[in-house]
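*Asks:* Have a look at this one before I ask anything.
The values are calculated or read from the model by the stated rules, or taken from the named source; none is laboratory data. Every value quoted in this text rests on a predicted model; they were computed, and no experiment measured them. Please note: Cβ atoms are built from the backbone with ideal geometry, for glycine as well, and neighbour counts cover all protein chains shown. Surface accessibility is based on the protein's heavy atoms, side chains included, excluding ligands, DNA and RNA. Shrake-Rupley method; radii C 1.70, N 1.55, O 1.52, S 1.80 Å.
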Amino acid sequence: MENKQQSNGVMKEINAVKKKVNWTGSLIVASLTGAFGSSFLYGYNLSVVNAPAGYIKKFYNETWERRYGFSVDEGTLTLLWSITVSIFAIGGLVGAVIVTPIVKFFGRKCTLLLNNVFAVAAALLMSLSLLAGSFEMLILGRIIMGIDAGISLSALPMYLSEISPKEIRGSLGQVTAIFICIGVFTGQVLGLPEIFGQESRWPFLFGAIIVPSLIQAVILPFLPESPRYLLLDKHNMSKAEKAFQRFLGKDDVSHEIEEVLAESRAQRNTKLVSILQLLRTRAVRWQIVTVVVTMGCYQLCGLNAIWYYTNNIFSKSGISHETIPYVTLSTGAVETLAAVFSGLVIERLGRRPLLIGGFGLMIVFFAVLTVSLTLQNTVHWLPYLSIFCILAIIASFCVGPGGIPFVLTGEFFQQSQRPAAFMIAGTVNWLSNFAVGLLFPFIQAGLQTYCFLVFAGICFAGATYLFFVLPETKNRTFHEISQAFAKRNKITFEMQEMKHYPRQRKSSGEQESNFTSSVDNGETKKGIV
């Protein structure tokens, strides 16, 4: 009995050591560097337009008056500003559409590197718009910055999901969400009147975009490409093995290699799947629906409306104009802390409870916020309750819905399907983002204090769907997740493997022969498609 207890204790220590080994230096640097030049910039560009909004509108009016000899009317100015804010999402949609062939041809890491060209070009256009007296440069810069974000929000989660062990896949995937939050907070800090939140300095807010891009461009080339991409797409066993060794911090990676090869055998030598093929695949039908629902709710639940128009919302809550920039800082800080908390607990609690719980709490606080905004003129302390509700909504979002949709998209689909799946997710993401950015000012004008009930309804619909459909994916392989969906897709797991594009399938013996020849000595000799 004593020996058995000692044996159990030793096994626990060994497992603890293994878990520690998972977080290697290369893994940490790759995730931090990738996120800093990618999702950080997405978050930064969500909030950076908020603080200088008044100065930018003034710049628009002065430019219009100088060109046409009269001031722009209020309706046109509101439309121009809404376009400036929401056009970022149109660029994001373009980026999400073009990302699939880019990540296929260049790889995940190289796509992130090349994407910095868009960020630098956008930063130069936006920061020089005031000097050039052209608000079109600012709008064009926002479009190009959106393309950068659209590419990075697909390529980064793909890269992180493929370099991380399944034991920490959720935590590492949350790095995307954490850096979005840090980017939002940084935009708020730099927008303070003491820094760049002044009429003469607001272009520096956009020029600062260059810094994360340059840092990523310097560090990322020294890190490996995704080992799964090297093995399954480039058929380079030697480089894939070295990449696994660096990311996992151990010499023996035969188990990981065999795991990836098993996925390759299960794919039956399929080509990279197109969006149309993926939509026609019965075996992943509910996975696609779930991704569409989670990504749609991610944007339509109201958080981006809060980020785009924070100052206006706080002003409606009765907060003085001088105090608003500092109150806004609390929203970014809360978001960052909540995202970090989610990253720490996601592998303990799982994806499902965090997602459903997050949406559920948002429903409650949206309802309270509506009551508070409606009655704030009758009770002197209600504006403070409104601030609390906004902070609580942000925290609830970041604990679950803020990052998990990106994690799920990487977990639901096999290698050949993943780029198309991320394109679908990105398209839904950016179309929803555009709709919120463009329509929220008009929704707010029409519904007044009841506008947040629209978002509460969307959260309720999302939470209900996820409660009945979403299985837990924590510590599960792709095959195990597929089995969890198999019954709902009305297909057995064996049928699922056999029906993946039968016209492109080869016999197992021919597949093994082709794959062996394609990775011999780490060089591509006879590639499979």
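*Asks:* Is it the case that residue 428 is more than 16 Å from residue 362 (Cβ to Cβ), open to solvent by 10 Å² or more (accessible area, probe 1.4 Å) and not basic (Lys, Arg)?
*Replies:* Yes, satisfied.
*Asks:* While we're looking at this one, here's another question. Given 444, 448, which one is at pLDDT below 80, under 30 Å from residue 366 (Cα atoms), assigned by the TED database to the domain that holds residue 417 and surrounded by 13 or more Cβ atoms within 10 Å (Cβ to Cβ)?
*Replies:* So the residue among 444, 448 that is at pLDDT below 80, under 30 Å from residue 366 (Cα atoms), assigned by the TED database to the domain that holds residue 417 and surrounded by 13 or more Cβ atoms within 10 Å (Cβ to Cβ) is 444.
*Asks:* Tell me the residue from 275, 210 that is modelled with pLDDT of 90 or more, buried (at least 16 other Cβ atoms within 10 Å of the Cβ) and either in contact with a helix residue (DSSP H, G or I) (Cβ under 6 Å, 6 or more places away or on another chain) or hydroxyl-bearing (Ser, Thr, Tyr) (or both), please.
*Replies:* 210
*Asks:* A further question on this structure: I'd like to verify a number: residues in the stretch 312-335 that are modelled with pLDDT under 80, polar (S, T, N, Q) and either surrounded by fewer than 18 Cβ atoms within 10 Å (Cβ to Cβ) or assigned by the TED database to the domain that holds residue 192 (or both), how many?
*Replies:* The qualifying residues number 4.
*Asks:* Only one residue in 472, 480 is in a loop (DSSP other than H, G, I, E, B) and acidic (Asp, Glu), so which one is that?
*Replies:* Going through 472, 480 in turn, the sole match is 472.
*Asks:* Then there is this: What is the one condition in (1) under 18 Å from the mean Cα position of the chain (by Cα); (2) of a type in the set (Val, Ile, Thr); (3) outside any helix (DSSP H, G or I) that residue 176 does not satisfy?
*Replies:* With (1) under 18 Å from the mean Cα position of the chain (by Cα); (2) of a type in the set (Val, Ile, Thr); (3) outside any helix (DSSP H, G or I) applied to residue 176, the lone miss is (3).
*Asks:* Just to be sure before I move on: is residue 71 in contact (Cβ under 8 Å) with a residue 24 or more places away in the chain and either hydroxyl-bearing (Ser, Thr, Tyr) or not assigned by the TED database to the domain that holds residue 119 (or both) in the structure I sent?
*Replies:* Values: in contact (Cβ under 8 Å) with a residue 24 or more places away in the chain: no; either hydroxyl-bearing (Ser, Thr, Tyr) or not assigned by the TED database to the domain that holds residue 119 (or both): yes.
It is false that residue 71 is in contact (Cβ under 8 Å) with a residue 24 or more places away in the chain and either hydroxyl-bearing (Ser, Thr, Tyr) or not assigned by the TED database to the domain that holds residue 119 (or both).
*Asks:* While we're looking at this one, here's another question. So which pairs qualify, if the first residue must be in the stretch 248-266 and open to solvent by 30 Å² or more (accessible area, probe 1.4 Å), the second must be at pLDDT below 85 and hydrophobic (A, V, I, L, M, F, W, C), the Cβ gap must be under 6 Å, and the two must be at least 6 apart or on different chains?
*Replies:* Close Cβ pairs (under 6 Å, with a partner that is at pLDDT below 85 and hydrophobic (A, V, I, L, M, F, W, C)) amount to 249/21.
*Asks:* Residues that are surrounded by fewer than 18 Cβ atoms within 10 Å (Cβ to Cβ) and in contact (Cβ under 8 Å) with a residue 12 or more places away in the chain: does the stretch 125-132 have at least one?
*Replies:* Looking through the stretch 125-132, at least one residue is surrounded by fewer than 18 Cβ atoms within 10 Å (Cβ to Cβ) and in contact (Cβ under 8 Å) with a residue 12 or more places away in the chain.
*Asks:* Moving on to the next point. Considering only residues that are of a type in the set (S, T, N, Q) and not in a helix (DSSP H, G or I), look in the stretch 362-415 and name the one that is nearest to residue 483 (Cα to Cα).
*Replies:* Here the residue is 414.
*Asks:* Looking at 393, 363, 387, 346, which is the one that is open to solvent by 10 Å² or more (accessible area, probe 1.4 Å) and within 22 Å of residue 470 (Cβ to Cβ)?
*Replies:* 363
Condition check ((1) within 26 Å of the chain's Cα centre (by Cα); (2) assigned to a loop (DSSP other than H, G, I, E, B)) across all residues:
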| site | (1), (2) |
| --- | --- |
| 199 | no, yes |
| 212 | yes, no |
| 224 | yes, yes |
| 229 | yes, no |
| 241 | no, no |
| 244 | yes, no |
| 247 | yes, no |
| 250 | no, yes |
| 260 | yes, no |
